Amino acid sequence: MTADLVFGSIPPFYREVYDIVSPNQEQVDRDLFVQLLVKSSLPKQTIMQIWDLVDTQQGFMTRNGLYKALALTALAQQGKSINDKLLETFSGQELPKPSLGDLSDLKASSLKLRRERTPNVLCFDFKELCEIDSIKLELVPEKKGIILKHVEYEVTSKRHKTTVLRRYNDFVALHELLTARFAYRVIPRLPPKKIGASREFIEQRKKCLRRYLNIIARHPQMHDDKLVTFFLTFAGNDVQHKIKEQFRGIPDEFMTCDMASRAKDLVPMDTQQQLATSKEHIKLVYETVTRLKDIAEGMVMRSTLFATDMLHLGRQLSIVSNDSTPITTWATGASKTWDRLQKGFRLLSVEFASLSDKATQAAVDEEDGVVEKLSFFQDLITAYKDLCDRHEKGVLHDHQKAIQKMGQYKKKKMSATVQSSDTGAVDQLEQKILEQEGEIANMENRNYYSLHCLQMETQLINAHLDIFYEIISCMARVETATNDDLAKIWASMEPAISVLSPSTQSFISKPQLSPVGSPNNNKYPGFSK
């Protein structure tokens, strides 16, 4: 066995690999380790040598063992022969970094393995969910249709590195297919359609569609589904009909999931009680999010109003400073105040415009960094509430209804058997009972699968609680930066404000006055008749 590694000699890349194959600080899985070594492109014999040197004979590998394996892999790639003494020369030095290519597939395998081993644990934190994909959605300039103008959206997926054009009806087609395929998952609501919509309505709908796609594209179960991938990558025309044509009749998640057959084993005994408690907690979170959103929208409005006020103030000072009305000493006497004010106003108008720009940017930052994140979380929780309603009114209701129908068949069979008048009717009822038993068994399994999915979606909501940190930290950054900038601008106004001060006024010893006298009565100067 090679010598123990010194912690200070471990390069950051080693820790990155360890976080991928063992994110919860557990032992390193052997299958993942083998997959990792295969990425090194080393001969199989060399890989087995490395394994023999670091294997603890306990069926798993420790972090220290993984680090040794990475170091040996790097040295083997350099052409050195593998032996248990090879690392001793690196004491106190940083170990070499192996070339393993893109690790994204390894991360996906790690997540899949954790999901299989702990099916009742989400295995994603908020950061990991956000890293799955990031969707940008921008408006494309309106195009005239045969009758009405239609709006197109430019949809960009960071995960797929694609940009495609979509219309609202394409989103409707996607939504219908998603609802059928993932009935047991959170599906956000689509914004409404409106003919002759205003610019403000279109802008709000754009933001809603962007949130919709990000929720779908970051969902642990939906993000890599063929349906979602098609919507984000297909660059052809007539998307609405193409997506329906290709995915119409696609089986729902229950029919294609490997865990569906053992759904009953995945549901803890106290699930109903835990679900009820969680729903109350999430209800409280939703109410908090709603109130915070109202407050944040008020902040955006105040920043916008302040920006408008400062802009108007600056414009008014500019108008005054550029006034060219001839003013003589007849009106001003010895005062130079108006000249002084015009000069100061001209300088200040620029500063007030700067105040307006900073406040406008603050409104934009508060809207994007606070209001939109709160709206995202609000949409997600609303989708969760809709999912709970679907479970209670759909799967659970259908299951109970099927059981009631079974009871009716059994009563009819009992009655027909007692009467013994029509054996054919008894046989038909017996067949219906058998069919109904199969239907009930299927519904019961669907009900358990729905409960399992509800547990996962509940954990998904709780994983998003870290969004509060992003919201509050963004608010603090925006307010700090904005107030600092505004304070600097106010302070920079001091020289211009000093120009307005009466202490800078100069007086003329003998002011040039207009001739004294009245145009109506020259005999009595200064008086009218």
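The values are calculated or read from the model by the stated rules, or taken from the named source; none is laboratory data. Quick caveat: nothing in here was measured; it's all calculated off a predicted structure. When we count neighbours, we look across all protein chains shown, and the Cβ atoms used for this are built from the backbone with ideal geometry, even at glycine. The area values use the complete protein model at the heavy-atom level, side chains included, leaving out ligands, DNA and RNA. Shrake-Rupley method; radii C 1.70, N 1.55, O 1.52, S 1.80 Å.
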| remark: Over the stretch 116-142, the set of residues of a type in the set (V, I, T) and surrounded by fewer than 14 Cβ atoms within 10 Å (Cβ to Cβ) is T118, V121, V140
| Among the residues of the stretch 485-502, which ones are open to solvent by less than 80 Å² (accessible area, probe 1.4 Å) and among the acidic types (D, E)? | D485
| Is it fair to say V285 is out of contact with any Leu (no Cβ under 6 Å at 6 or more places or on another chain) and either touching a residue at least 12 places away in the same chain (Cβ under 8 Å) or among the charged types (D, E, K, R) (or both)? | yes
| field | Residues that are under 29 Å from the mean Cα position of the chain (by Cα) and in a loop (DSSP other than H, G, I, E, B), drawn from the stretch 243-266 | value | R248, I250, P251, D252, C257
| message | For the stretch 325-354, give me each residue that is basic (K, R) and over 56 Å from the mean Cα position of the chain (by Cα). | response | K336
| request: Sort out which residues of the stretch 90-108 are more than 15 Å from I132 (Cα to Cα), modelled with pLDDT under 80 and either surrounded by 10 or more Cβ atoms within 10 Å (Cβ to Cβ) or among the β-branched types (V, I, T) (or both), and write them in order of number. | output: F90, S91, Q93
| query | Mind checking which pairs have a first residue in the stretch 66-90 that is touching a residue at least 12 places away in the same chain (Cβ under 8 Å) and a second that is of a type in the set (G, A, S), Cβ under 7 Å, 6 or more apart or different chains? | reply | T73/S40; Q77/S40; Q77/S99; I82/A76; L87/A3; L87/A71; E88/A3; F90/S9
| request: Sort out which residues of the stretch 354-382 are open to solvent by 40 Å² or more (accessible area, probe 1.4 Å) and farther than 28 Å from L313 by Cα, and write them in order of number. | output: K373
| note | Expected single match for touching a helix residue (DSSP H, G or I) at 6+ places or on another chain (Cβ under 6 Å), free of Cβ contacts under 8 Å to residues at least 24 places away in the same chain and either buried (at least 19 other Cβ atoms within 10 Å of the Cβ) or of a type outside the set (F, W, Y) (or both) among L190, L174 is L190
| Just wondering, is there one or more residues in the stretch 229-238 that are touching a helix residue (DSSP H, G or I) at 6+ places or on another chain (Cβ under 8 Å) and hydroxyl-bearing (S, T, Y)? | no
| Taking into account only those residues within the stretch 383-393 that are touching a residue at least 60 places away in the same chain (Cβ under 8 Å) and open to solvent by 20 Å² or more (accessible area, probe 1.4 Å), which is farthest from T458 (Cα to Cα)? | R390
